[in-house]
1. Please determine, by comparing only the residues of region A:145-204 that are open to solvent by 70 Å² or more (accessible area, probe 1.4 Å) and hydroxyl-bearing (Ser, Thr, Tyr), which one is modelled with the highest pLDDT.
2. Test A:Ile395 against the criterion of being of a type in the set (A, V, I, L, M, F, W, C), more than 25 Å from B:Gly36 (Cα to Cα), assigned to a loop (DSSP other than H, G, I, E, B) and touching a residue at least 24 places away in the same chain (Cβ under 8 Å), and give yes or no.
3. Please state which one of A:Arg545, A:Arg556 is open to solvent by 40 Å² or more (accessible area, probe 1.4 Å) and either of a type in the set (Gly, Ala, Ser) or out of contact with any Lys or Arg (no Cβ under 8 Å at 6 or more places or on another chain) (or both).
4. Looking only at region B:29-52, which residues are more than 7 Å from every other protein chain (Cβ to nearest Cβ), surrounded by fewer than 24 Cβ atoms within 10 Å (Cβ to Cβ) and among the aliphatic types (A, V, I, L, M)?
5. Pairs only if they're at least six apart or on different chains, beta carbon under 7 angstrom, first in region B:137-153 and at pLDDT 95 or above, second basic (Lys, Arg) and part of a loop (DSSP other than H, G, I, E, B); list them, first residue then second.
6. Counting just the residues of region A:224-243 that are charged (D, E, K, R) and farther than 9 Å from B:Gly101 by Cα, which one comes out nearest to the other protein chains (Cβ to nearest Cβ)?
7. Taking the stated definitions as given, is A:Asp487 touching a helix residue (DSSP H, G or I) at 6+ places or on another chain (Cβ under 8 Å), open to solvent by 10 Å² or more (accessible area, probe 1.4 Å) and not in a helix (DSSP H, G or I)?
Amino acid sequence: MQNKKPKTFENSRADIFERRDFIKLLGGGVIILFSAASPLSAQQKPPAGGPGRPQGFGGFGMGGGATDLNAYLKIGEDGKITCFSGKIEQGQANTTALAQMAAEELGVPHDSITMILGDTDLCPWDMGTFGSMSVRIFGAALRSAAAEAKAILMDMASEQLKTPKDQLTCENGVIFATADQKNKVTFAQLTKGQKITRKLDPKPAVKRVSEFTIIGKSPVRIDGRAKVTGQAKYACDIRFPDLLYAKLLRPPAHGATLKNVDTSEAEKIPGVLVVREEGMVAVLHPDPEIAEKARTAIKAEYDVSPINIDESNIFDYLLPKAPKPQLSERKGDLAVGEKAAATVFEHTYLNGYGAHATMETHSACAKMDGDKMTVWLGTQTPFPAQQEIARQLKIPNEKVRIIAPYIGGGFGGKSPFPQGAEAVRLAKITGKPVQVSFTREEEFFYDSFRPAAVVKIKSGLDSAGNICLFDNQIYFAGTRSAEQLYDVPNNLTSSYGGWMMDVPKIHPFNIGAWRAPGANINVFARESQIDIMAAKLKMDPLEFRLKNTSNARLRRVLELAAKSFGYTGAAGPSGRGFGIACGLDAGSLVAEIAEVKVDKGRVRVKRFVAVQDMGISVNPEGSKMQIEGCIMMGLGYALSEDIHFRGGQLLTKNFHNYSLPRFSWMPEIEAIIVKNDELDPQGGGEPAIVPVGAAIANAVFDAIGVRVFQMPLTAERINAAANK
Amino acid sequence: MNDKIRFKLNGKQTELDVDGDRKLLWVLRTDLGLTGTKYGCGMSLCGACTVVINKEAVRSCMLPVRNVQGKEVLTIEGLAQGDKLHPLQQAFIDKGAVQCGYCTPGMLMNAYAMLLKNPKLTRDQIIAGMENNLCRCGSHKRIVQAIESVAKR
């Protein structure tokens, strides 16, 4: 061994609070328990059209939220305010937005609140960070709780200052008599030494929009400094003096079975620890590079069952295996619609497997202290991870602590935590802290891909040019964002399997949620179909959309997008390369217009305008940042990202053959948030990615008159369609 | 067989007694505890591991540590002057150029080296120079704006 001077783990945000500090914290102060199902303020309406419910999750993970306590807000005896949330920070600045929401109700600066996220010992249960729900669902409950805390403090101050509440003012944690500012008391003085768990009934109202001073402003993200100085700790950055880096033997293909293995060469490398247990062969060393060398020294033979599938025939392979459909969005009668149709349009839309390709690979550091296992885990789901790891170790949940430090990108890919299960197993066996951090090749191999999916749409136009039929058949994508946005009298959505479950297993890989799961192909299909019908009528696609929808929020974002873009009506293909698409996701409505140039089949997106109605935007710059991120990430699924494989063997291994959007791809982006104070905050992390593929496909058609039915829209596919 | 490697790391004279074949990235991240420099791909494809060596941006994931013998290495941990952030770091915060933050150290070090060579970078030069640094969150627009704001000074 070299003269190593490993650093111990310190300075992590997630480690600020030791358990004993937390118990000490609980010793005094106001503790408000609240549930994510807390009724939202009576003064604000639920979303119009009923999209306020979390979409696309079925019954999964909601965990009976009505009774599960979902967060603690702590006003300590020192006056310091701490907010605990089971959510995690994967880059979308939910930490900052949640701090703003709590601060608004408490009347304190947002950066005076300490945010503790994703620690199962400190934070209340949460199903996970996905579905654009941090602000929309958790944030709403947090606001209610903060409002309640504030009301309790005002009651206490009123008693102490012997002044009626309506004659008190509260500023920055100080409550004083409005008429006599010397007659005052601080939050700290009120909570000191007291242990109060009051609850108010009825619940006090949250602030009105007109009273906002923090919500609706755009302070910079509170984790910015840690991230630009290299101090922010991710799971792969956790260090202990006796840390071992583990590398596990990996199969050459999914579905391969290990025939025999010879670790003798690996064992000869000084300091290497070899662990062979049921279903696992691992080599460990204090130097990750030596551990990697030891892994390559393992000789293993596998049986690989040949499955004759690849990205070209996967759809034919999957379709006959589709489960029975679930029906939704039923309206009228498809047979009646077909009879009324003057023209019927039948098309099939395809999308292959897609990777999350987060910049941080799946990483975990597990450490056993006595009978307690602590795991620093790059995960979107700390609580489900706690439960699963406890189950695997056969120990009670409370003997497992998951700490989700900063997450280097998630997008749904870090809901699964295979690396965590491996790290805890090895930490238990070796008795040492163990880190498992995937290589990029492992990351592609074990990623839970966006499943390959097929959407078949049969639609019809009546003689007046109105949509009279929409038969939407979705295979393997689920129904997210498949809600019909147009006024169609005869409509049905049939969903044959989704992204959430692959039981019985039909996909050759792991599948799962990929940013707005299923919504991207659903909207690609619907919005392409809409354009096809508009083109048949020789009608401007914007005009056709407006003619066929009475949804006021949708009409508004469409009209604003057209105005911002400087769009003028023309039937497609106009040669200008303009493409429109719109979508509803996580309660937010988005209209997007792309301008493209197509050169020998290669698409260059020159300009992209997105207009989003997300209700109240808690942090408008943060919301715009998410829209911009959605557009950039959307370029990838629309134009380049496709997993290459032969059977269970991944040919996509690193960034050289999985092309992520780069700086030179960047269009001129304009992200606009529509003012809508009538509606509580809706989703922000995903909605804007949903129409990107369709907007680009429609723009390609408008540019060169070629319709492509499969994403990504590679030059090969565009040229093939052009030569048909 | 270990090598004695002497170099300047973030302004401090540093001496290592290590196998010179080891990659700089892992020596930084393990022996030296400087975890701000990130692993992303291991093949110099993504730029997350970018450090600055003798004023040049270098991918540390494939660089044998013996190659830094006698050189000056700057990592993200050495970019600020004490508590005072480098203007690029401040610009990344102010322009909202950070999301998950994992690519950020590599982005900053790459941009820093570009600005050393040409403090008056144009927008097109910035885009071309940042091309091989990958960001999955899609912060590209704001990263360019942040670098531009420093280049304009």
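1. Checking each candidate, the answer is A:Thr178.
2. On the way: of a type in the set (A, V, I, L, M, F, W, C): yes; more than 25 Å from B:Gly36 (Cα to Cα): yes; assigned to a loop (DSSP other than H, G, I, E, B): yes; touching a residue at least 24 places away in the same chain (Cβ under 8 Å): yes.
In short, yes.
3. Details: A:Arg545 fails: open to solvent by 40 Å² or more (accessible area, probe 1.4 Å).
A:Arg556 is the lone residue from the list that is open to solvent by 40 Å² or more (accessible area, probe 1.4 Å) and either of a type in the set (Gly, Ala, Ser) or out of contact with any Lys or Arg (no Cβ under 8 Å at 6 or more places or on another chain) (or both).
4. B:Leu32, B:Leu34, B:Val52, listed by residue number.
5. B:Arg142/B:Lys95; B:Gln145/B:Lys95; B:Ala146/B:Lys95; B:Ser149/B:Lys95; B:Ala151/B:Lys120
6. Keep residues of region A:224-243 that are charged (D, E, K, R), which gives A:225, A:227, A:233, A:237, A:239, A:242.
Of the ones still in play, those that are also farther than 9 Å from B:Gly101 by Cα are A:225, A:233, A:237, A:239, A:242.
On the way: A:Arg225: 7, A:Lys233: 7, A:Asp237: 4, A:Arg239: 6, A:Asp242: 13 Å.
Looking at the filtered set, the residue picked out is A:Asp237.
7. On the way: touching a helix residue (DSSP H, G or I) at 6+ places or on another chain (Cβ under 8 Å): no; open to solvent by 10 Å² or more (accessible area, probe 1.4 Å): yes; not in a helix (DSSP H, G or I): yes.
No; evaluated as a whole, the condition is false for this residue.
Matching residues to (1) open to solvent by less than 30 Å² (accessible area, probe 1.4 Å); (2) in a strand (DSSP E or B); (3) free of Cβ contacts under 8 Å to residues at least 40 places away in the same chain:
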| site | (1), (2), (3) |
| --- | --- |
| A:Arg607 | no, yes, no |
| A:Ile616 | yes, no, no |
| A:Glu641 | yes, no, no |
| A:His656 | no, no, yes |
| A:Leu660 | yes, no, no |
| A:Ile669 | yes, yes, no |
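The values are calculated or read from the model by the stated rules, or taken from the named source; none is laboratory data. For clarity, every value in this text was computed on a predicted model and none was experimentally measured. Quick reminder, even Gly has a Cβ in these numbers, built from the backbone with ideal geometry, and neighbours come from all protein chains shown. Ligands, DNA and RNA are stripped out before the accessible areas are found, and what is left, the full protein with its side chains, is counted by its heavy atoms. Shrake-Rupley method; radii C 1.70, N 1.55, O 1.52, S 1.80 Å.
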